[in-house]
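Report on one structure; see the data block that follows.
The values are calculated or read from the model by the stated rules, or taken from the named source; none is laboratory data. These numbers come from a predicted model, not from an experiment. Please note: Cβ atoms are built from the backbone with ideal geometry, for glycine as well, and neighbour counts cover all protein chains shown.
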Ligand code: C2E
Ligand code: MG
Ligand code: MG
């Protein structure tokens, strides 16, 4: 910008300089023209004065003749007149008068020549002169002695004369013509104008002053021409010349002065314009550009404000620029906050915590001191969230965050790592202090939270890792605190310090945990179905839905690997919800194909703690327009036994809704039959370990037989799982077992395999045509 502005200004300056030079030239020409006009005027005045003088001279002669000839008769008068003429001419010759006529001639009324006299020096034939000036002689009453006269220049060959024709009142002479030699009179003109003169006719120089400028000095000379009246046949020029060296020198001086002034003014203009532009436009724009470049390279400069002077527009641009950068700065700050803040709780987020932890490690290394890291996971949060809705869950998390923050010191860092997981960094603490702090946090969450009139109890499990005892880098410390946290959760014991013993299942388990969270969120599961065969009809009486995890690596992971982990973390709720939903969808599909089979789903011990389970199942039934008998609920014996009272209420509610409840893995939970009797249970499923052991171990067989009998006595149906050979099947049949499930009858099948199995197997409905 600056370069273009400079070029423009310089171009404008040069242009104005050229214009000044041109106008100087015009001024010079004008001055020369004026000078020439003045010269011309001077010539005209001179010529006019000369003619006046000649006319006056001629009138004087005429008056003398008039007085001399008055009263004379024509007879003697003519001679007398000629003598008088001689006498007159004689005067001139004697006195070498400036205006000496060269001829005086008298004429009668009819313009006949009465007589003429020429000066002796004239070699001109008289007739020629008469002829040349004939145009002056017009008879007229008016042509009398002065002022009535006619005068003009007459050409005779290459010579020029000036004739004055005047009237007389003598009895015989009526007119007199006085003729002068123009060339000799030019000298008079020279004296009159004070300049060299020249008389030119038809390019012929008739007279030229001795000091007429030579061709070399023409450069310093100015000449003016005056054309005087003639008969019209030829032009007669009176030229005057003037040595104008001084005038031209003055002009040249003026030209240099103008040139100098123009240069100075141009330079001044350029400098002033540059300074003005620098201050008004270039400076502000450069300041803005510098600021822009700075901001582009380093956004921390966004807060810097540009201050520019200059004109109103520049100031306005700078103000707008500052407003925009202010806004951008605020946006950056907001972005920063969003990047490092958990928007729900307004606590720092995982990224922030990670970097703070790394800083703490560097600081602790430097200061040679210890610090503690807590990873905390809320207990029962998932249930609250699932039961009461995410909004309540969100408010609860906010309240938990406030309570935790209030309990910590300013120097401590607390962050929400995601979900219901929080992390705390306690700088400069010993193991004992860390333990006390963790207890205090556990204690702080003991009193219930109130969210929208709900009284909510949440606990917290805290895993503690110490720097440098349990790890010297951020990743290891977080991982070990998590291991300790899972251990605390499993043990239900509030806070636990990391112990290398805990690593037996880790870190593979931890990786699995991360993957499982994602698996539940993304529903990376599939259901397989294992048929149950009724031994009275030898037909399939239902199927059990068994979940498999479609691991992102492509493998199908069996439930034993992940169910207990999901139970530990509470993620099982999400899985159960998905399984019941998927089972209802499958049941509906089977029904549409003519297979009215109940599908058994496994309900885990953690599901039993979910007060909203019944409600959720009811919603799912409604969503699928399904009846409760489409599903059977398999609950492991140990799950029921761990909280008989709670299980009783829930199972009663579920049974009332029409669900059949089956006690799974019967025989492993040491159930009290007295309690079992009081539960609304439809059937028991004898654990596969006893059924599979029947062939080899009579104790197992005895347990199975007793279980069948006792269950029948209690009015419960009996299902045996793990039937993997015909012999076991035969023995179960012989002991009155109601239904069997196992590899001998069918392995768990995918949904497609199941429909084809139902149509083809001898245990299925081979005669029924599937839609
Ligand atoms: P379960 O409910 O007792 O399921 C029966 C298990 O025994 C299944 O193993 C089945 O494949 C296996 N089984 C059946 N017949 C035989 C046999 O003749 N021989 C042998 N060796 N095994 C047989 P799976 O599918 O690996 O399931 C294991 C356990 O995982 C289940 O035991 C159940 O407790 C749990 N589980 C499976 N699916 C779910 C689910 O959707 N939710 C919950 N909470 N737990 C599930
Ligand atoms: Mg089962
Ligand atoms: Mg079982």
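Could you grab the pairs with beta carbons closer than 8 Å, sequence gap of 6+ or different chains, first residue in the range 225-242 and in a loop (DSSP other than H, G, I, E, B), second one surrounded by fewer than 15 Cβ atoms within 10 Å (Cβ to Cβ) and at pLDDT 75 or above?
234/202; 235/202; 235/227
If residue 52 passes every condition in (1) farther than 21 Å from residue 165 by Cβ; (2) modelled with pLDDT of 80 or more; (3) exposed (fewer than 13 other Cβ atoms within 10 Å of the Cβ) but one, which one does it miss?
Failing condition for residue 52: (1).
What residue, of 412, 386, 420, 394, is free of Cβ contacts under 8 Å to residues at least 60 places away in the same chain and more than 16 Å from residue 344 (Cβ to Cβ)?
Within the list 412, 386, 420, 394, the selection yields 412.
Suppose we filter 477, 512 for residues that are part of a helix (DSSP H, G or I), in contact (Cβ under 8 Å) with a residue 24 or more places away in the chain, crowded, with 18+ Cβ neighbours inside 10 Å and within 16 Å of ligand 1 (Cβ to nearest atom); which single one remains?
512
Looking at residue 295, is it in contact (Cβ under 8 Å) with a residue 60 or more places away in the chain, farther than 30 Å from residue 395 by Cα and surrounded by 15 or more Cβ atoms within 10 Å (Cβ to Cβ)?
No: the conditions fail for residue 295.
Name the single residue that is farthest from ligand 1 (Cβ to nearest atom) among those in the range 621-646 being assigned to a helix (DSSP H, G or I) and under 17 Å from residue 668 (Cα atoms).
644
Just checking, which of 62, 11, 75 is surrounded by 13 or more Cβ atoms within 10 Å (Cβ to Cβ) and part of a helix (DSSP H, G or I)?
Being surrounded by 13 or more Cβ atoms within 10 Å (Cβ to Cβ) and part of a helix (DSSP H, G or I) holds for just one of 62, 11, 75, which is 62.
If I filter the range 547-570 for residues that are within 20 Å of residue 659 (Cβ to Cβ) and either within 16 Å of ligand 3 (Cβ to nearest atom) or out of contact with any strand residue (DSSP E or B) (no Cβ under 6 Å at 6 or more places or on another chain) (or both), do I get at least one hit?
Scanning the range 547-570 turns up at least one residue that is within 20 Å of residue 659 (Cβ to Cβ) and either within 16 Å of ligand 3 (Cβ to nearest atom) or out of contact with any strand residue (DSSP E or B) (no Cβ under 6 Å at 6 or more places or on another chain) (or both).
Residue by residue, here is whether (1) without any contact (Cβ under 8 Å) to a residue 12 or more places away in the chain; (2) in contact with a helix residue (DSSP H, G or I) (Cβ under 8 Å, 6 or more places away or on another chain); (3) surrounded by 18 or more Cβ atoms within 10 Å (Cβ to Cβ) holds:
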{"site": "446", "(1), (2), (3)": "no, no, no"}
{"site": "454", "(1), (2), (3)": "no, yes, no"}
{"site": "463", "(1), (2), (3)": "no, yes, yes"}
{"site": "522", "(1), (2), (3)": "yes, no, no"}
{"site": "527", "(1), (2), (3)": "no, yes, yes"}
{"site": "531", "(1), (2), (3)": "no, yes, yes"}
{"site": "536", "(1), (2), (3)": "no, no, no"}
{"site": "542", "(1), (2), (3)": "no, no, yes"}
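Looking only at the range 551-561, how many residues end up being modelled with pLDDT of 90 or more and either surrounded by 15 or more Cβ atoms within 10 Å (Cβ to Cβ) or within 16 Å of ligand 2 (Cβ to nearest atom) (or both)?
Selection size over the range 551-561: 4.
All but one of (1) within 16 Å of ligand 2 (Cβ to nearest atom); (2) out of contact with any strand residue (DSSP E or B) (no Cβ under 7 Å at 6 or more places or on another chain); (3) farther than 14 Å from residue 654 by Cβ hold for residue 595, so report the exception by its number.
(1)
Taking the range 564-589 as the search range and keeping residues that are under 25 Å from residue 618 (Cα atoms) and out of contact with any helix residue (DSSP H, G or I) (no Cβ under 7 Å at 6 or more places or on another chain), which one is nearest to ligand 1 (Cβ to nearest atom)?
This residue is 579.
If the Cβ limit is 8 Å and pairs must be 6+ apart or interchain, which residue in the range 557-574 that is under 20 Å from residue 386 (Cα atoms) and touching a residue at least 24 places away in the same chain (Cβ under 8 Å) pairs with which residue that is assigned to a loop (DSSP other than H, G, I, E, B) and within 16 Å of ligand 3 (Cβ to nearest atom)?
As it stands, the answer is 563/604; 566/604; 567/604; 572/604, since those pairs meet every condition given.
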